[in-house]
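Chemist: Supplied in structure tokens, the structure appears directly below.
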Amino acid sequence: MRQQYTHGIAAFLCGAAVMVLEMTGSRMLAPYLGTSIIVWTSLIGIVLAALSFGYWYGGILADRYPSASVLSKLIFAAAVVIAVVGGSYTFVLQPLSSGKLNLYIASLVSATILFAVPGALLGMVSPFLARLAIGDVESSGRAVGRLYAISSIGSILGTFLGGFVLVSVLKTGTILFLIAAVLVSVAFMLRTVKQKFPDLGGTVVAVLLCVLSGAWYQTFGDGLLPEGIHYETPYNHIRVFDTYQGRIRAYQTDPGEYSQTNIIVGRPETLLCRYAKYADLLFLYNPNARHVAVLGGGGYCLPNYFLATRPNIDIDVVEIDPGVTEIAKKHFGLVDDQRLHIFHEDARRFLRRTRTSNDYKYDLIFSDAFNASYNVPFHLLTKECLTEISDRLDDDGIFMVNIIASATGPRKQFFQAFHRTASEVFPHVDAYMIDDHQQGKSFQNIVFVAFKRDDIPAIDDPSASYADLLRRRWTQPVPHDVPPFLDALAPVEWYTIGER
């Protein structure tokens, strides 16, 4: 009976370790490769491949050496490898994030180097435990089923513990060292009387080394990451850094040369991102506008600008990540204001939750939400979503969305697909090229401006500031050869991969 409990605890903890390792792996890769579906696919695929090899080869070893002592050595080896990964992954990922390899290859290589060996070693645990648990043929099914159920429960707990708690509280390296400490303890628990491996003294030393290494990483580990201040929020890995001798502060959720937000230090109300200035077109067409919603907070540049320059405007900001808001308050000049209302939830959920309330009608909805690889979350670009946005607009309302794409060239599908999607919902749609408004070939910010009404008032003589914005309007016809984005199919990342 005691052996059954021991095996059950080992199955539970090892199952949890696998999922915590995988959840932590996404954060490990984020500062260097981003968090796109490509990175996630590589991570999940390599971990599954490693586990499959472990199941197969672990079964062979279990038949050849059906001993808890051998199993304890395998688990101890997994602990050692994970600890090594925790202390060295930054040095592995830095050269792979240089941009010399495309994202597919870089993601696969990174995941293989970091997760193949520990995944294979942990995959060997289940067949080994199953082999040790079989006392006779008549009860073998029950014994194996019990162990796999316990292991699955551990995996479920590891998923929730890793995703809901650990990645929000502890740094990446800290979590890896704690996983190693747990696995060392499991290895000691499985030791046999005849061959104690590891022995109690060695186990205590190994666990202490893992815990102390995790404590060191929790305190000083940011120095191993790219320069700047790093935050790991429930949804993002965010890097905040200053440039131009400290005059400009930037915010970055993806590796590379681009940043999501830039402000002048001490003057957060000044718009540096040219695409955000298109929000002023609202007041060209509707001088009496009062209610604005911004989907995606980021550095809260646009809300700060409106609060400072438009005293009659009320602003609702829908930002899924509360960590983003805290960073904006700490580093980007965001302050509480009675005209500013912040909702920490997914923008699509917000639109659906408020669809029956007249308290949430807007003159302008400006969507500036991005996930990894500079892509707008696909569910905020679909025809169904734009219909929900249209329902939230007043009769004279305007919808604006910032995307990053190219209007012409080999990667024009994203631009064309979204233009068609917006045109099927709104009667009048304009697109403004922020950089290359003549050719549209470059990968750039593009602001779509969609009007709920078709009878747009003519602007005969706009002021100089508005004229500069309006002259970047895309005047060439946009083919609608690409299907519109739908909830059921919106291949945003497929269209945009390779743009940069």
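Chemist: If we keep just the residues of region 366-378 that are farther than 13 Å from Gly296 by Cβ and open to solvent by 10 Å² or more (accessible area, probe 1.4 Å), which is modelled with the highest pLDDT?
Modeler: Applying the first criterion (farther than 13 Å from Gly296 by Cβ) to region 366-378 yields 372-373, 378.
Next, from what is left, pick out any that are open to solvent by 10 Å² or more (accessible area, probe 1.4 Å): 373, 378.
Numbers: Ser373: 61, Phe378: 90.
Applying the filter and picking the extreme gives Phe378.
Chemist: Select from region 13-31 the residues that are open to solvent by 10 Å² or more (accessible area, probe 1.4 Å) and in contact with a Ser or Thr (Cβ under 7 Å, 6 or more places away or on another chain) and write down the one among them that is nearest to Ser107 (Cα to Cα).
Modeler: Only one residue tops the list, namely Ser26.
Chemist: While we're looking at this one, here's another question. Give region 201-214 a look and list any residue that's out of contact with any Pro (no Cβ under 9 Å at 6 or more places or on another chain), under 21 Å from Val125 (Cα atoms) and at pLDDT below 80, or say none.
Modeler: Correct list: Thr203 only.
Chemist: Within region 478-489, is there a residue that is aliphatic (A, V, I, L, M) and touching a Leu at 6+ places or on another chain (Cβ under 9 Å)? Give the steps one after another, and end with the answer.
Modeler: Restricting attention to region 478-489, the residues satisfying the condition of being aliphatic (A, V, I, L, M) are 478, 482, 486, 488-489.
So of that shortlist, the ones also touching a Leu at 6+ places or on another chain (Cβ under 9 Å) come out as none.
Checking region 478-489: not a single residue is aliphatic (A, V, I, L, M) and touching a Leu at 6+ places or on another chain (Cβ under 9 Å).
Chemist: If you don't mind, another one. Give the residue, chosen from Val20, Val70, that is within 20 Å of Thr159 (Cα to Cα) and not charged (D, E, K, R). First the steps, then the outcome.
Modeler: Values: Val70 fails: within 20 Å of Thr159 (Cα to Cα).
Exactly one of Val20, Val70 is within 20 Å of Thr159 (Cα to Cα) and not charged (D, E, K, R), namely Val20.
Chemist: Hey, another quick one. Can you tell me which residues in region 32-41 are of a type outside the set (A, V, I, L, M, F, W, C) and open to solvent by less than 20 Å² (accessible area, probe 1.4 Å)?
Modeler: Step one: of region 32-41, the residues of a type outside the set (A, V, I, L, M, F, W, C) are 32, 34-36, 41.
Matches in region 32-41: Tyr32, Gly34, Ser36.
Chemist: Out of the residues in region 69-118 that are in contact (Cβ under 8 Å) with a residue 40 or more places away in the chain, hydroxyl-bearing (Ser, Thr, Tyr) and in a helix (DSSP H, G or I), state the one that is most open to solvent (accessible area, probe 1.4 Å).
Modeler: Top of the filtered list is Tyr104.
Chemist: Right, here's the next one. Inspect region 43-61 for any residue being modelled with pLDDT under 90 and either open to solvent by 20 Å² or more (accessible area, probe 1.4 Å) or not polar (S, T, N, Q) (or both) and give the result as yes or no.
Modeler: Of region 43-61, the ones modelled with pLDDT under 90 are none.
No, because not a single residue in region 43-61 is modelled with pLDDT under 90 and either open to solvent by 20 Å² or more (accessible area, probe 1.4 Å) or not polar (S, T, N, Q) (or both).
Chemist: On to the next question. Is it the case that Gly154 is touching a Gly at 6+ places or on another chain (Cβ under 7 Å), open to solvent by less than 40 Å² (accessible area, probe 1.4 Å), part of a helix (DSSP H, G or I) and of a type outside the set (Asp, Glu)?
Modeler: Details: touching a Gly at 6+ places or on another chain (Cβ under 7 Å): yes; open to solvent by less than 40 Å² (accessible area, probe 1.4 Å): yes; part of a helix (DSSP H, G or I): yes; of a type outside the set (Asp, Glu): yes.
Here the answer is yes, as Gly154 does meet what is asked.
Chemist: Moving on. Looking at (1) modelled with pLDDT under 90; (2) under 24 Å from Met189 (Cβ atoms); (3) out of contact with any Pro (no Cβ under 9 Å at 6 or more places or on another chain); (4) open to solvent by 70 Å² or more (accessible area, probe 1.4 Å), find the lone condition where Ala133 falls short.
Modeler: (4)
Chemist: Would you call Leu21 modelled with pLDDT of 90 or more, within 22 Å of Met189 (Cα to Cα) and within 17 Å of the chain's Cα centre (by Cα)? Break it down into steps so the answer makes sense when it comes.
Modeler: On the way: modelled with pLDDT of 90 or more: yes; within 22 Å of Met189 (Cα to Cα): yes; within 17 Å of the chain's Cα centre (by Cα): yes.
Considered against the rule, which asks whether it is modelled with pLDDT of 90 or more, within 22 Å of Met189 (Cα to Cα) and within 17 Å of the chain's Cα centre (by Cα), Leu21 comes out as yes.
Chemist: Out of region 95-125, which residues are among the small types (Gly, Ala, Ser) and within 26 Å of Val144 (Cα to Cα)?
Modeler: Ala116, Gly119, Ala120, Gly123 - these are the residues of region 95-125 that are among the small types (Gly, Ala, Ser) and within 26 Å of Val144 (Cα to Cα).
Chemist: Can Asp363 be described as acidic (Asp, Glu), closer than 20 Å to Thr253 by Cβ and touching a residue at least 60 places away in the same chain (Cβ under 8 Å)? It would help to see each step written out before you state the result.
Modeler: On the way: acidic (Asp, Glu): yes; closer than 20 Å to Thr253 by Cβ: no; touching a residue at least 60 places away in the same chain (Cβ under 8 Å): yes.
No; evaluated as a whole, the condition is false for this residue.
Chemist: Let me ask something else about it. Can you tell me how many residues in region 388-419 are within 22 Å of Leu281 (Cβ to Cβ) and open to solvent by 60 Å² or more (accessible area, probe 1.4 Å)?
Modeler: Looking only at that region, the number is 3.
Chemist: Return only the number of the condition from (1) open to solvent by 40 Å² or more (accessible area, probe 1.4 Å); (2) in a helix (DSSP H, G or I); (3) within 23 Å of Ala11 (Cα to Cα); (4) not β-branched (Val, Ile, Thr) that Leu122 does not satisfy.
Modeler: (1)
Chemist: Tell me, which residue of region 303-318 that is in a helix (DSSP H, G or I) and open to solvent by less than 10 Å² (accessible area, probe 1.4 Å) is nearest to Pro457 (Cα to Cα)?
Modeler: Out of the qualifying residues, it is Phe306.
Chemist: Restricting to region 270-300, and then to whatever is part of a loop (DSSP other than H, G, I, E, B) and more than 27 Å from the chain's Cα centre (by Cα), can you tell me which residue is nearest to Phe448 (Cα to Cα)? Give the derivation first.
Modeler: If we filter region 270-300 for residues that are part of a loop (DSSP other than H, G, I, E, B), which is where we start, we get 270-273, 286-290, 296-300.
Narrowing the set further to residues that are more than 27 Å from the chain's Cα centre (by Cα) leaves 270, 286-290.
On the way: Thr270: 22, Asn286: 17, Pro287: 20, Asn288: 22, Ala289: 19, Arg290: 21 Å.
So, considering only residues that are part of a loop (DSSP other than H, G, I, E, B) and more than 27 Å from the chain's Cα centre (by Cα), the one nearest to Phe448 (Cα to Cα) is Asn286.
Chemist: Against the conditions (1) touching a Leu at 6+ places or on another chain (Cβ under 8 Å); (2) over 23 Å from Gln252 (Cβ atoms), where does Asp368 fall short? Just the number, please.
Modeler: It is condition (2) that Asp368 fails.
Chemist: So, one more: What do you reckon, is Glu269 open to solvent by 30 Å² or more (accessible area, probe 1.4 Å), in contact with a helix residue (DSSP H, G or I) (Cβ under 6 Å, 6 or more places away or on another chain) and charged (D, E, K, R)?
Modeler: Working: open to solvent by 30 Å² or more (accessible area, probe 1.4 Å): yes; in contact with a helix residue (DSSP H, G or I) (Cβ under 6 Å, 6 or more places away or on another chain): yes; charged (D, E, K, R): yes.
When the stated conditions are applied, Glu269 passes them.
Chemist: From the list Ala293, Ala276, pick out the single residue that is surrounded by 15 or more Cβ atoms within 10 Å (Cβ to Cβ) and modelled with pLDDT under 95.
Modeler: On the way: Ala293 fails: modelled with pLDDT under 95.
Ala276 is the lone residue from the list that is surrounded by 15 or more Cβ atoms within 10 Å (Cβ to Cβ) and modelled with pLDDT under 95.
Chemist: Right, something else. If the requirement is being closer than 28 Å to Gln260 by Cβ and loosely packed, with under 14 Cβ neighbours inside 10 Å, which of these qualifies: Gln444, Gln438? First the steps, then the outcome.
Modeler: Details: Gln444 fails: loosely packed, with under 14 Cβ neighbours inside 10 Å.
Checking each option against the conditions leaves just Gln438.
The values are calculated or read from the model by the stated rules, or taken from the named source; none is laboratory data. Every value quoted in this text rests on a predicted model; they were computed, and no experiment measured them. Glycine also receives a Cβ, built like all others from the backbone with ideal geometry; neighbour counts cover every protein chain displayed. Just so you know, the surface numbers come from the protein's heavy atoms only, side chains and all, with ligands and any DNA or RNA stripped out. Shrake-Rupley method; radii C 1.70, N 1.55, O 1.52, S 1.80 Å.
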